[in-house]
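Let me begin by presenting the structure, written as structure tokens, before commenting on it.
The values are calculated or read from the model by the stated rules, or taken from the named source; none is laboratory data. Note that the structure is a prediction, hence the values are computed from the model and not measured. Methodologically, a virtual Cβ is constructed for each residue, glycine included, from the backbone with ideal geometry; neighbour enumeration extends over all protein chains shown.
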Amino acid sequence: MNDYPDFLKYHYEVERYDFTRAGEASSAIKARLKKLGLDTHLVRRIAIASYESEINIIIHSYGGTLTLYISADKIMIIAKDSGPGIDDIEMAMKEGYTTASDAAREYGFGAGMGLPNIKRYCDQLEIESSKGQSTTITMTFAIKDMEDEIK
């Protein structure tokens, strides 16, 4: 069942520590949005935020999903993992703060820019998490008519 019945829904699995497939889900999201003919600036913002979310699931969780919702006036991406939660959301939002493992850093990930970049590129961001629990990040992007952009 679709949690948002007025939306198209696409679901992507993201595996823990699967660095070889890092970026596949966000690339699929980007390709789908480009096919819809959305503004390239909007697609770029969504691609960056979804990539950062995907990498966070790979690095910090036990695995999870990205779910893309598309409606006439907005795009939502819900990134949900299966734990272990974020100890201190306020601290995690600071640029450069990271809890990434040495293995993640060896692959070039874990610079502490994931959540700050997600916030930077979303129109609305909600984070639900607590220590020992799953994390759900809801990213919302408004689809604006070009006429609205000109005004």
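Does Ile58 fit the bill of being part of a helix (DSSP H, G or I) and not acidic (Asp, Glu)? For Ile58, the condition - part of a helix (DSSP H, G or I) and not acidic (Asp, Glu) - is met.
The C-beta contact set for the stretch 6-18 (first residue part of a strand (DSSP E or B), second residue modelled with pLDDT of 95 or more and aromatic (Phe, Trp, Tyr), distance under 9 angstrom, 6+ apart or interchain) comprises Leu8/Tyr69; Lys9/Tyr69; Tyr10/Tyr69.
Can you tell me which residue among Ile77, Ile86, Ile59, Ile70 is of a type in the set (Val, Ile, Thr), farther than 14 Å from Tyr12 by Cα and at pLDDT 95 or above?
On the way: Ile77 fails: farther than 14 Å from Tyr12 by Cα; Ile86 fails: at pLDDT 95 or above; Ile59 fails: at pLDDT 95 or above.
So the residue among Ile77, Ile86, Ile59, Ile70 that is of a type in the set (Val, Ile, Thr), farther than 14 Å from Tyr12 by Cα and at pLDDT 95 or above is Ile70.
For Lys151, the requirement of being among the charged types (D, E, K, R) and either crowded, with 17+ Cβ neighbours inside 10 Å or at pLDDT 95 or above (or both) is not met. Given the options Glu106, Glu128, name the one that is of a type in the set (Asp, Glu) and in contact with a Ser or Thr (Cβ under 7 Å, 6 or more places away or on another chain). Only one candidate qualifies: Glu128. Taken residue by residue, the stretch 95-107 has no member that is surrounded by fewer than 17 Cβ atoms within 10 Å (Cβ to Cβ) and under 18 Å from Ala142 (Cα atoms).
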